[in-house]
Each structure stands twice: as C-alpha cells, then as structure tokens.
1. Considering only residues that are under 25 Å from ILE216 (Cα atoms) and not small (Gly, Ala, Ser), which ones fall in segment 263-282?
2. If you check ILE118, ILE94, which single one turns out to be in contact with a Lys or Arg (Cβ under 8 Å, 6 or more places away or on another chain), in the same structural domain as VAL38 (by TED's automatic domain parsing) and at pLDDT 95 or above?
3. Of the residues in segment 188-216, how many are assigned to a loop (DSSP other than H, G, I, E, B), within 11 Å of the ligand (Cβ to nearest atom) and among the hydrophobic types (A, V, I, L, M, F, W, C)?
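The values are calculated or read from the model by the stated rules, or taken from the named source; none is laboratory data. The structure presented is a predicted model; accordingly, all values stated were derived computationally and were not measured. Here Cβ is always computed from backbone atoms with ideal geometry, including for glycine, and neighbour counts include all displayed protein chains.
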Amino acid sequence: MADIRPETMERITTRALADRFIEEQLAEIKAQVGDKKVLLALSGGVDSSVVAALLIKAIGDNLVCVHVNHGLLRKGEPEMVIKVFREELGANLIYVDAVDRFLDKLAGVDDPETKRKIIGKEFIDVFAEEAAKLDGIAFLGQGTIYPDILESDGVKAHHNVGGLPEDLQFELVEPVKLLYKDEVRVVGSALGLPDSMVYRQPFPGPGLGVRCTGAITRDRLEALREADAIVREEIGKMENVPWQYFAVIPDMQSTGIKDGKRYMGWPVIIRAINTVDAVTAESVEIPWEMLKRMRDRIIATVPGVNRVMWDISDKPVSTIEFE
Ligand code: XMP
C-alpha cells in the first residue's frame, strides 16, 4: 500500500507534540463524525485503547466500546479495561462475556491454524451480533497504525484475530493510522492512560490460546493464566524488562512425586525474549534467583503443575510463540 504519511509530518516524541496531535485529531474526528455514533472493538491493547481515549474526548457517549472476553485474555485484563474505560474515563462500554462460547467451539481442536480461525470467526460473529443490537451506528473506530498500512495492506496486524467484520457497512474512523507504535504510546500517555496499558508488551490476538498448546482444556488454561501472572509479575521487576515474556503450558504431562506417590502433572515453560521487530529474537538471561522464585511460586500455587522449565531458544529457529 502507498506510503501515505507526509514527509513533513514531525515525529511525535514529546508531550507537547502529542498534545498538538490530540487537538488536531479531536477537531478532525468531530468534523468527520458530527453527532453520529461510533462503534469500537476495545481489546485493551495499546492501539484500540488510544483510539478509545481519543474518541471519548471527541464525542463522549456517542462512542460505544465493545470489549469481548473470549476467555483467552491474561489474568486481570477484562477487569482493567472496565476499570480504566468505564470507571475512570466514563466510556459507554459494553462488556461481552463470551468465554463459554469460545471455549466450547475450541474444545477438542488441536491444530493451531484451525484454533486461530475459530477464534477469529467467533470474534467477528460476537462483534457483529453486538453491533446488530445497536441503533444508529454510522462509523467503526479502528486502531490501525502506520505499520499496519505499510506492511499488511491496511489490515490490522498480519495474523491478528482482532480484524473486524468486512460486511459491516460502516465508514472507518482511524485517528492513529499515520502513527508509529512509539508515537501511539506517547499520545496514550498524554491522554492519561496508565503506563500498564500504554507500555504493555505485545500480546497475540488469539491470546493464551496459542500458549495452551494443542486442544485447550479449561483446567490447563486456568493453570496457564495463573502461572503467566506470576511470570509477568516477577520478570517485570528486571532492571531491563524484556520485550516479551510469558508462560506456556504445553499439551503434555510428566511425572511428579507428592507424599511418596507418583502422579502426572503439567510443566510450565517460561519464555522471555528481546527483539527489535519480532522477525528475529534472542532469549533473555533471567537471574537464577528470579527463576527459583517463579518456580517456587508456581509450584506452590498453581494446581496441576509439577515442573517448571526455562526456554532458552532464539528465533530462528524457534518462533516466539509456541503455536
Ligand atoms: P512468532 O511466534 O511468529 O511471533 O515468532 C512474532 C510476534 O507476533 C505475535 N503473534 C501474534 N500476534 N496474532 C497476533 O496478533 C497472532 O496470531 C500471533 N501469533 C504471534 C507474537 O506474540 C510475537 O510478538
């Protein structure tokens, strides 16, 4: 797709430049949307969050946000979206608990691409159903950013499942479509979004679904969510926080021993990588004391887990995610 960012456009690196960008965008959004309504799928990721914050400022209650919980979000994520957007920013937010619906569809499915397709299709169906319940929606807000336009023909993220229904005949509102990720973050901070949202690590559209490998079961998914929260909390304390760090629970069991009896349990795999562009990646050295603390916390508190491992693989040949 054409390079549409004007060469004269200054890179947004400071609060003052972000404030100017925000002022300009508020005027543009108001001119485009008038007193009509805008619908936005709000995942809680950086891009959709910044678009939501901008639209709330521009049009208030005429923005309708839909947050779909597909059951594959990280611990505390839906609560965070509700707290920040509904309670703090006063957004008109529809929260859809679609957990059973997604997990029922995924039951017994072990092929990674089929899992991704099911999650993507279900997301579109849920969103379209919510849109159909609403009257007077004229626009669709989208967190398209400049790399999406340059790299993926304007489609949000190369293999993102967060893509929206193409047959929804709405005009698009894409206020950050000329910005690079670092600029989106500066704008997000200027809009008052918390650092935990603005500077969060990348998280794949299919969420924990690609880290609970093979056929997802509810008990293993819950164990993964808990283990992942511990891993994120601990590794987040490192002086240089890695680019991406998370837990995986593969679809396998190994023997453990408790009260003199052998039993089968899952391993938790810890992964932390640094990268510039996610095309190549290097495994990050985690301090031994931190590894032991994660091991002890996971074994003590996560049911079903009896082994903790550390993935030291680089990309290539290993990808960042497990599926
Ligand atoms: P891989 O595993 O291919 O990941 O080395 C590269 C980067 O892309 C993210 N990723 C995804 N993001 N939907 C997404 O939106 C996906 O299906 C998906 N798969 C991988 C991954 O987290 C890493 O940052």
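1. Filtering segment 263-282 for residues under 25 Å from ILE216 (Cα atoms) gives 263-273.
TYR263, MET264, TRP266, PRO267, VAL268, ILE269, ILE270, ARG271, ILE273, listed by residue number.
2. Details: ILE94 fails: in contact with a Lys or Arg (Cβ under 8 Å, 6 or more places away or on another chain).
On inspection, the qualifying residue turns out to be ILE118.
3. Going residue by residue through segment 188-216, those that are assigned to a loop (DSSP other than H, G, I, E, B) are 191-194, 199-206, 211, 213-216.
With the extra rule that they be within 11 Å of the ligand (Cβ to nearest atom), the set shrinks to 201-206, 211.
Filter again for among the hydrophobic types (A, V, I, L, M, F, W, C), leaving 203.
Counting residues in segment 188-216 that are assigned to a loop (DSSP other than H, G, I, E, B), within 11 Å of the ligand (Cβ to nearest atom) and among the hydrophobic types (A, V, I, L, M, F, W, C) gives 1.
Per-residue answers, yes or no, for (1) at pLDDT below 95; (2) on the phi < 0 side of the Ramachandran plot; (3) basic (Lys, Arg):
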{"site": "GLN169", "(1), (2), (3)": "yes, yes, no"}
{"site": "VAL176", "(1), (2), (3)": "no, yes, no"}
{"site": "ARG185", "(1), (2), (3)": "no, yes, yes"}
{"site": "ARG200", "(1), (2), (3)": "yes, yes, yes"}
{"site": "LEU208", "(1), (2), (3)": "no, yes, no"}
{"site": "ARG211", "(1), (2), (3)": "no, yes, yes"}
{"site": "GLU222", "(1), (2), (3)": "no, yes, no"}
{"site": "ALA227", "(1), (2), (3)": "no, yes, no"}
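Table: residues versus (1) away from the ligand (no atom under 16 Å from the Cβ); (2) within 21 Å of the chain's Cα centre (by Cα).
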| position | (1), (2) |
| --- | --- |
| LYS237 | yes, yes |
| VAL248 | no, yes |
| THR255 | yes, no |
| ALA272 | no, yes |
| TRP288 | yes, no |
| MET294 | yes, no |
| ARG297 | yes, no |
| ILE312 | no, no |
